[in-house]
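A short worksheet on the structure shown next.
The values are calculated or read from the model by the stated rules, or taken from the named source; none is laboratory data. All of these numbers come straight from a predicted model, not from anything done at the bench. Quick reminder, even Gly has a Cβ in these numbers, built from the backbone with ideal geometry, and neighbours come from all protein chains shown. Please note that ligands, DNA and RNA were not included when accessible areas were found on the heavy atoms of the full protein model with its side chains. Shrake-Rupley method; radii C 1.70, N 1.55, O 1.52, S 1.80 Å.
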Amino acid sequence: MDPHLRRYAARTAGMTASEIRALFSVASRPEVVSLAGGMPYLAALPLESLSADVAQLMAAEGQTALQYASAQGIPALREQICQIMALEGISAHPDDVTVTVGSQSGLDMVTRIFCDPGDVVVAEAPSYVGALGTFSAYQAEVVHVPLDDEGLIPGELDRTLTALASAGRRVKFLYTIPNFHNPAGVTLAVHRRAEVLEICARHGVLVVEDNPYGMLGFDGQTYPALRSMEPENVVYLGSFSKTFAPGLRVGWALAPHAVREKLVLASESATLCPPTFTQAVVSRYLAQHDWMGQIKNYREVYRERRDAMLAALEAHLPAGCRWTKPDGGFYVWVGVPEGIDTKAMLPRAVTQRVAFVPGTAFFGDGSGNGQMRLSFCYPTPERIREGVRRLATVLEGELELISTFGQVHRRQSTGPQSPSPDTA
């Protein structure tokens, strides 16, 4: 028994550990092919020259880099962030950028300043597991809107917001990942973007645009950010975790000016200031390296691995499976034949030395038993092909069990669960 049980805040009831977390300590073993974690392939970075950069930074600016700084972030980095966002059509001033401890911190702060217990956040179905955990922790209810191969469906969004308004529910914002969606891998079609923004404006709903993968399109294309089309009703979240290195924990939020003031105050109360040293490392990297060339290298690496995964899925998965075909990012979303429960299947998959993330992690209502997320960003193409082959064997075993014993009733999870570090 926990002796502090009666002391916890009511909101901790929404903070539940994942039932699958313990399995990932097993999945991290070298004999297991993990198609679960969304970890960038950092071996593609110029690590030797980066080591020299850090040494030079310490020699030239060590006392500044190791000191406290503004809660909003160092000015030089905020200016560079504006230049990066300009590639997606965003015109921004550094004063409206708040540097965050990864984009997850930005999402936490946005939720904290907007959501009271019982408020509604609308999100795609499925949605990012880390976001669902944040919304749950602040006691906001997630209402899902379906997506298809062209992303969020505008008509469904309009119907959902209309129904919520009729029921007297207070919707604080739409949370969306428009580019190379995590976990679905799809991209919001350009012709839908203005419609989504118009629907949200008409219903008086803020848009929170989470865009960690936007620079990782395999054909080099970048899409117009929602923020570029509607600056006053969109909070944009960005990150260097996917295009540089996640261990530095540097992200940012671009918000309308009045919202930015609240974000800075939230940052001060949570962390006092984002780490100056890691900001300085990122700023020096952007100033002295061919970071666009590095992103091009990432695109080529991930495109090769995406191709290996799609070919392996086509070659090995049993009939009745279906999957998305991403044009960028890290993930493929797989639907399995009727009757298979991917959450129940996961322990058997780990026994067969392959891991994935069950679909239940990505729905606020605990649905998604018939789906799974596969990540192609970290394993080599050879490991991906072997992992999919093992996964196909597990699926065929599940189908054989169903054929012999009939379908088993799927258990419904109670809601979002906190991810293990490599599943986010």
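Scanning the range 273-299 for residues that are free of Cβ contacts under 8 Å to residues at least 60 places away in the same chain and within 23 Å of the chain's Cα centre (by Cα) returns Thr278, Trp291, Met292.
Of the residues making up the range 109-120, just one is crowded, with 22+ Cβ neighbours inside 10 Å and within 18 Å of Ala13 (Cα to Cα), namely Thr111. Cβ-Cβ distances below 7 Å connect the following pairs, each with a first residue in the range 338-349 that is on the phi > 0 side of the Ramachandran plot and of a type outside the set (Phe, Trp, Tyr), a second residue that is open to solvent by 10 Å² or more (accessible area, probe 1.4 Å) and part of a helix (DSSP H, G or I), and a separation of six or more residues or different chains: Gly339/Ile402. Each residue in the range 66-104 was checked for being in a helix (DSSP H, G or I) and at pLDDT 95 or above, and 15 pass. For Val332, indicate whether it is open to solvent by less than 10 Å² (accessible area, probe 1.4 Å), part of a strand (DSSP E or B), in contact (Cβ under 8 Å) with a residue 24 or more places away in the chain and not charged (D, E, K, R). When the stated conditions are applied, Val332 passes them. Filtering the range 265-280 to residues that are of a type in the set (Val, Ile, Thr) and open to solvent by 20 Å² or more (accessible area, probe 1.4 Å) leaves Thr271, Thr278.
Filtering the range 105-124 to residues that are assigned to a loop (DSSP other than H, G, I, E, B) and not acidic (Asp, Glu) leaves Cys115, Pro117, Gly118.
Give me the residue from the range 135-182 that is closer than 25 Å to Met109 by Cβ and basic (Lys, Arg) and, out of that set, surrounded by the fewest Cβ atoms within 10 Å (Cβ to Cβ). Applying the filter and picking the extreme gives Arg170. Each residue in the range 360-409 was checked for being part of a loop (DSSP other than H, G, I, E, B) and either open to solvent by 50 Å² or more (accessible area, probe 1.4 Å) or hydroxyl-bearing (Ser, Thr, Tyr) (or both), and 7 pass. Across the range 26-61, the qualifying residues are those that are surrounded by fewer than 17 Cβ atoms within 10 Å (Cβ to Cβ) and among the polar types (S, T, N, Q), and the one among them that is farthest from Arg390 (Cα to Cα) is Gln56. Inspect all residues belonging to the range 105-112 and state whether any of them is touching an Asp or Glu at 6+ places or on another chain (Cβ under 8 Å) and among the aliphatic types (A, V, I, L, M). The answer is yes, given that some residue of the range 105-112 is touching an Asp or Glu at 6+ places or on another chain (Cβ under 8 Å) and among the aliphatic types (A, V, I, L, M). Is the range 126-133 home to any residue that is surrounded by fewer than 18 Cβ atoms within 10 Å (Cβ to Cβ) and over 16 Å from Val281 (Cα atoms)? Within the range 126-133 (the criterion being surrounded by fewer than 18 Cβ atoms within 10 Å (Cβ to Cβ) and over 16 Å from Val281 (Cα atoms)), the answer is no, since none of the residues qualifies. The combined condition, being closer than 30 Å to Tyr302 by Cα and in contact with a strand residue (DSSP E or B) (Cβ under 7 Å, 6 or more places away or on another chain), is fulfilled by Gly106.
One residue stands out among those in the range 281-291 that are out of contact with any helix residue (DSSP H, G or I) (no Cβ under 7 Å at 6 or more places or on another chain) and open to solvent by 70 Å² or more (accessible area, probe 1.4 Å): the one that is farthest from Gln63 (Cα to Cα), which is Asp290.
The rows are residues; the columns are (1) crowded, with 20+ Cβ neighbours inside 10 Å; (2) free of Cβ contacts under 8 Å to residues at least 60 places away in the same chain; (3) within 17 Å of Leu248 (Cβ to Cβ).
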position: Gln63; (1), (2), (3): no, yes, no
position: Tyr68; (1), (2), (3): no, no, no
position: Cys82; (1), (2), (3): no, yes, no
position: Met85; (1), (2), (3): yes, no, no
position: Gly89; (1), (2), (3): no, no, no
position: Pro94; (1), (2), (3): no, yes, no
position: Val99; (1), (2), (3): yes, no, yes
position: Gln104; (1), (2), (3): yes, no, yes
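In the range 37-56, which residues are part of a helix (DSSP H, G or I) and either in contact with a Cys (Cβ under 7 Å, 6 or more places away or on another chain) or over 14 Å from Glu300 (Cα atoms) (or both)? Listed by number, the residues that qualify are Leu47, Glu48, Ser49, Leu50, Ser51, Ala52, Asp53, Val54, Ala55, Gln56.
Taken as a whole, the structure leaves Gly185 outside the set of residues that are in a loop (DSSP other than H, G, I, E, B) and more than 26 Å from Leu87 (Cα to Cα).
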